[in-house]
Amino acid sequence: MSATSAPPSSADAARRVAFAPNWPMRLALLALAAYAVWASSQLGLSWGRLAHGLGEGGQLLGRMVPPNFERWGLLLEGLLESLQIAVLASAVGIALSLPLGVLAARNLSPWWISGPVRAVIAVCRSLHYVIVAILFVKAIGFGALAGTAALVVASIGFIAKLFAEAIEEISMKQVEAIRATGAGVMKVLAYAVLPQVASRFIGFCLYQLDSNLRNSTLVGIVGAGGIGGTLFAAFKRFDYDFVAAILLAIIALIFLAEIISGRVRAALR
Amino acid sequence: MSATLTAAAPTANNLGNALEIRGLVKEYAAGKPVLKGIDLSVAAEGITAIIGPSGTGKSTLLRCINRLVEPTRGEIRLRGTELTGLRGKELRLARRRIGMVFQEYNLVERLTVMENVLSGRLGYVPLWRAWLRKYPEADIQRAFMLLDAVGLPEHATRRADALSGGQRQRVGIARALMQRPEILLADEPTSSLDPRTAVEVLELLARLTAAENVPVIINIHNVELAKRYARRIVGMSGGSVIFDGPPEDLRTHHLQAIYGGEDWL
């Protein structure tokens, strides 16, 4: 093993290893495979069960084709309600997120303001929006108001946090220069903070609108308004051809939204 | 001496100076002062250059004056107004009387040149005018006049991040003069510029501030430039003033005392 003092012989070279065996990784992969086998036996997952499931799935697909657009009035009404929930929740959520994001930014707010505000935002983030929607349905009753409120909460949890992070990355030199002119807090925001973050803010808002549109199709399942309610009712009545029509309409709506927001994003660049 | 100055109303002698600093101490960490009791009077006109090695508190001194840095002890009077201890609206009203030019220009990159220049009026205009960019006509006229004066007549609608370093510093000077300041603080205004541009910018700064009768305190690394443009040199080392006098009195042994060593001379 005196490789440093003398040139290694060919026998020594053969014994050297270029890549050390990673035993912890090998053991971890083996354990994962063993757990997967054990878990599927616990859950009763077998090839027979899978084959049975595939058969059922085939039947369902069969009953979904062709999609039934006869009740298009009901479909359109639900879609429009989802759209309204999404737009309204985005607008209110963004309007509330702007001040919250500024207050939560640790480079602009003292810790005793940013700390509690960050906690509020974290609470908004921590619960899944369907759970929040259920809470609102119980608290303020069935309908679009509950769905809108739930998505407002979800929007705050998401974009207020992104706003705060964007503000924490700004150049404080520009802020210092505007402060030095004798500008107060609101003028510093308008002249030194917002110009640095505006284009990113608009990007976040478009993303949130996209995501609210998707989410607004689901809150109806727990009774919080929108196309989700219609979808759930159709499932319960085994109207699978109407279900297929609803799903196609949702997909079309989301695609449309993606295209529009993509265009807007490109125009802003 | 300083006690009587504090108690008395501004005397004729005080009014003759734009700025009076007495016993200024700044400690970022307790017991480790960066500024160790600075006494400095700055006349109501002309350029005062502060020279000294990096980290000796020149920048801290300037930032204590407009309170971007909070002084630990001491007094700073701007034409009779005590600046230390001012809060809220009073502090903002004092800041608008003090222009500042920064080493890295500190323009708001995504705003236009005109918006940057007009931001010098933020201490004067109401909030709605600032937000809606509805500045008084007189301010807009002065902004165009200053842009002409700094040699950027065609650049009003360009975004600040499209300008070169020298152009940005010219906008920085216009922004500071837009405040109609009673004193202008320049913190290493030419250190990020090439030698030729540095001279041009300094020349401009000297000419415009002389024309508007604005006294200037400038932190500067280039001793030759300091001697050329300043009527008074203040040499700092280790947080204290160790030379104060006209440029022609600044000798080699002073520079050795300020910067230490002699090999570099």
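Every number in this text was worked out from the coordinates using simple rules, so none of it is lab data. Model, not experiment: these values are computed from the prediction. Here Cβ is always computed from backbone atoms with ideal geometry, including for glycine, and neighbour counts include all displayed protein chains.
Here the residues A:MET64, B:MET145, ranked from fewest to most Cβ neighbours within 10 Å of their Cβ, fall in the order B:MET145, A:MET64. Throw me the Rg/Rh for the stretch B:20-85, computed over C-alpha atoms with Kirkwood Rh, two decimals. Here the Rg-to-Rh quotient is 0.95. Annotation for B:LYS89 and B:ALA44: the two label points, set 7 Å from Cα along the Cα-Cβ direction, are 2.8 nm apart.
The H on the amide N of B:ILE183, modeled in the peptide plane, is under 5 Å from the matching H of B:GLY99, each at least 5 residues off or on a different chain. Sorted largest first, the spans of the alpha carbon positions of chain B along the three principal axes are 50, 46, 36 Å. Of all DSSP-defined beta bridges confined to the protein assembly as shown, some 60% are antiparallel rather than parallel.
With Cβ to Cβ distances under 10 Å as the rule, what net charge do the other residues near B:GLU182 carry (K, R +1; D, E -1)? Computed value for this residue: +4. Percent of Cα pairs in the stretch A:180-268 per distance bin of 10 Å, from zero to the largest separation: 15, 30, 21, 17, 10, 5, 1. Note that the stretch B:107-265, at 4 °C in a medium of 1.567 mPa s, gets a Stokes-Einstein diffusion coefficient of 75 µm²/s from its Kirkwood radius over C-alpha pairs.
From least to most packed, judged by other beta carbons within 10 angstrom and beginning with the fewest, B:HIS155, B:HIS254, A:HIS128 follow the order A:HIS128, B:HIS254, B:HIS155.
Using every pair of separate Cα atoms, the Kirkwood estimate puts the hydrodynamic radius of the protein assembly as shown at 29.0 angstrom. Of the DSSP H helices in chain A, those with a Cα length along their own long axis of 24 Å or more and a mean Kyte-Doolittle hydropathy reaching 0.0 comprise A:23-42, A:72-104, A:194-216, A:240-268. For A:LYS187, the lysines whose Cα falls under 16 Å of its own Cα, not counting residues fewer than eight places away in the same chain, are A:LYS173, B:LYS89, B:LYS134. Its Cα gyration tensor gives the stretch B:48-153 an equivalent ellipsoid, and the semi-axes of that ellipsoid, as √(5λ) in whole Å with the largest first, are 28, 19, 12.
Can you quote the Å³ per residue value for the convex hull of the Cα atoms in the stretch A:12-153, rounded to an integer?
Measuring per residue, one finds 324 Å³ for the Cα hull of the stretch A:12-153.
Put in order of Cβ neighbour count within 10 Å, fewest first, the listed residues A:THR217, B:THR157, B:THR72, B:THR112 become B:THR157, B:THR72, B:THR112, A:THR217. Relative intensity of the stretch A:123-172 on a log10 scale, I(q)/I(0) at q = 0.15, 0.19, 0.26, 0.33 Å⁻¹, equals -0.45, -0.60, -0.87, -1.13, per a Debye sum over C-alpha point scatterers of equal strength in the absence of solvent. A straight chain from B:LYS36 to B:LEU132 at 0.36 nm per residue would run longer than the Cα-Cα distance by 30.1 nm.
The label point for A:VAL264 and the one for B:ALA211, both projected 7 Å from the Cα toward the Cβ, are 4.7 nm apart. Sorted from greatest to least, the principal axis extents spanned by the alpha carbons of the stretch A:110-203 come out as 53, 28, 20 Å.
For the stretch A:83-268, what value does the Rg/Rh ratio take when both radii are computed over Cα atoms and Rh is the Kirkwood radius, given to two decimals?
Numbers: Rg = 19.3 Å, Rh = 17.9 Å.
Taking Rh as the inverse mean 1/r over Cα pairs, Rg/Rh reads 1.08.
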